[in-house]
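Note sheet for the following structure.
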């Protein structure tokens with residue numbers, strides 16, 4: 001089964017149901033609707049549950065709209081968003097033209 005790691009603090013949001021969307025740059029796992037994946041708390045290396053992708057579509061950071069933010073953690077500013085994603089993906093020069101996948105999922109806690 002595929003796995004996705006989530007940064008510290010995001011696991012709690014997934015467990016409490018406030019986070020049900022993730023944005024992924026450089027989708028080497030070729031994620032698609034109906035794929036299931038193990039949710040891993042990156043800080044602890046712990047499996048916290050399983051999720052099933054219910055929606056998946058490509059975007060760029062510069063074309064994200066309000067709907068794309070539903071179920072995703074919020075950022076204080078656009079620059080804060082870019083800095084956060086640059087820290088997640090140091091090999092990418094994350095900016096408005098960077099391609100990503102918007103993934104919505106249903107989560108089941110282990």
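The values are calculated or read from the model by the stated rules, or taken from the named source; none is laboratory data. If you're wondering where the values come from, they're calculated on a predicted model, not measured in any experiment. Neighbour counts run over all protein chains shown; Cβ positions are idealised from the backbone, glycine included.
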Subset of region 36-45 (residues that are modelled with pLDDT under 95 and more than 11 Å from residue 6 (Cβ to Cβ)): 45
Could you list, in sequence order, all residues of region 1-20 that are surrounded by 17 or more Cβ atoms within 10 Å (Cβ to Cβ), part of a strand (DSSP E or B) and in contact with a strand residue (DSSP E or B) (Cβ under 6 Å, 6 or more places away or on another chain)? 4
Screening 49, 9 for residues that are modelled with pLDDT under 95 and closer than 16 Å to residue 107 by Cβ leaves only 9
Could you count how many residues in region 67-108 are closer than 16 Å to residue 21 by Cα, surrounded by fewer than 10 Cβ atoms within 10 Å (Cβ to Cβ) and either at pLDDT below 95 or touching a helix residue (DSSP H, G or I) at 6+ places or on another chain (Cβ under 7 Å) (or both)? 0
